Structures are given as C-alpha cells and as structure tokens.
Amino acid sequence: MAARGWRVVLGARGVARVPREGDRATPAGWLRPVAVLFRADRVVRPRCSLPVRAIGPEDGWCDAPGHPLYNRFVHHPFAASAERLWREDHAYDLLAVLDFNLHPRASGRGSAIFLHLMHDDARPTAGCIAMRPAALRRFLEHLAPGAGIVVG
C-alpha cells in the first residue's frame, strides 16, 4: 500500500469496518495524528507541529477494555493490561498516536492505534499503520495541523 508514494503496512487482518480490541486489523476511516512519542536514547526528537514527548521504560498504553484508563497513556507497573511502549524492537522508537477511539472511548472498540516504524521485513502490524523510518519522519515534518490519514 502507499501513502503519497510511501509504502505502509497495515494490520495482519487487513482493514476493519467494525473494529474490536485485539482483532489485528487496522480500523477504517479518517485517522488524525494527535501526538508524537519517541525514544530519545535511539532517535532524535522529531520536528513536527504536534505535541512531542520522549518515552521511558515505564511508559505504556492501556488495552484493558473495562479499565477507566482504557486507550490511554499509562505507567508501569500497571494493575490492568497495558502494552509497553519501551520495546526491544524498534517499532515504537518513533510513533504518532492516532485519534482512533480516543474521544469518546468505546470499551472494546480498539486501543493503541499508532502510526509507527515498520519492521525491516515489512511484516503486518497488530492493527496500526507502519512506515519506514525516513518516510515517517518526512510525513511528520510535513503534517499540517488537523491533517489525517484515510484508511479503507
């Protein structure tokens, strides 16, 4: 797939018109990047018009549908299920949080939908959108306020 000429990969199960937590599909629709997270120990701070935050080893994202912090940034240790943002692989060294299921949140509709770095082998994601590092940096640098990505 391509986004303005850039190759992207989507979820292993393709695009979902009715997304559910853990379905391994990328939600269809208009997804707007709202914030950028990065690992300062691995990459330089990205230039972009969005809020930017460095992540640390304790940072995570709640994926427990019944929890009040579902689909929100959290810190480990965390009592409920939460994905770790600080990973051994490089997928989350630079990522944009997409506005899917943020405001309002629907329990079980899906969480942690990010625009992140593609693995070297370009394997599908768990439901996110992934781009090569140089392409993601260029995308973020040129992203106009309020711009989004159309999926499906």
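Nothing in this text is a laboratory measurement; each read-out follows from the coordinates by a stated rule. Remember, predicted model here, so these are calculated numbers, not experimental data. When we count neighbours, we look across all protein chains shown, and the Cβ atoms used for this are built from the backbone with ideal geometry, even at glycine.
Judged by the mean number of other Cβ atoms found within 10 Å, the most tightly packed of the peptides 24-31, 125-132, 43-50, 56-63 leads the ranking 125-132, 24-31, 56-63, 43-50.
For region 2-151, the share of alpha carbon pairs falling in successive 5 Å distance bins from zero is 2, 10, 20, 24, 23, 15, 6, 1, 0 percent.
Could you state the number of Å between the C-alpha centres of region 31-79 and region 111-152? A separation of 15 Å, based on Cα centres.
Secondary-structure-derived ellipticity at 222 nm for the chain, considering helices only, amounts to -2000 deg cm²/dmol, per-run term -39500 (n - 2.57) for DSSP H runs with n ≥ 4. Only bridges whose two residues both fall in the chain count here: according to DSSP, what percent of them are antiparallel, nearest 5? Looking only at bridges with both residues in the chain, the antiparallel portion is about 70 percent.
The charge dipole of the chain, taken about its Cα centre with unit charges on the Cβ of Lys, Arg, Asp and Glu (plus for the first two, minus for the last two), comes to roughly 460 debye.
Sorted fewest first by neighbouring Cβ atoms within 10 angstrom, Asp41, Asp23 come out as Asp41, Asp23. The ellipsoid that matches the Cα gyration tensor of region 99-151 has semi-axes, each √(5λ) in whole angstrom, of 22, 17, 7, with the longest given first.
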